[in-house]
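Student: Can you read through this structure? Questions will come right after.
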Amino acid sequence: MLVGDIGGTNARFALYDHAGVAAGGGKLLVRDTLAASDHGYFADVVQAFLSANAVLPDTLSGASLAVVCPLGAGEVRFTNSPWRFLRN
């Protein structure tokens, strides 16, 4: 599973292995911090992390991302980077 803490300056990602264990009993396999300024789009930073760790997106069981930024009317815009996306 991909987990992350996403801010306007940095995106911190980790791969979390929870297979075959009780809730909360998994472990972080790999962690990395990537600078937002090095990636034009949010999808680019996710792909950079996955590629650097030889993870194909379709092999993930899911993702959980914490996003720190002001909320608008359905749109998330980061203060310190050009990243933005629509929220559900």
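What follows draws every value from the coordinates through simple rules; no lab data is involved. Keep in mind it's a predicted model, so treat the numbers as computed, not measured. Virtual Cβ from ideal backbone geometry, glycine too; neighbours counted across all protein chains shown.
Student: Using the Karplus curve 6.51 cos²θ - 1.76 cosθ + 1.60 with θ = phi - 60°, work out ³J(HN,Hα) for each residue of region 32-37 in order, rounded to whole Hz, and write x for Gly and Pro.
Tutor: Rounded to whole hertz, the list is 7, 10, 10, 6, 4, 5.
Student: Could you sort 1-10, 31-40 so that the peptide with the highest average Cβ count within 10 Å comes first and the rest follow in order?
Tutor: Descending packing order for the listed peptides: 1-10, 31-40.
Student: Highest mean first, what order results for 76-85, 59-68 on Cβ atoms within 10 Å?
Tutor: My ranking of the peptides, most packed first, is 76-85, 59-68.
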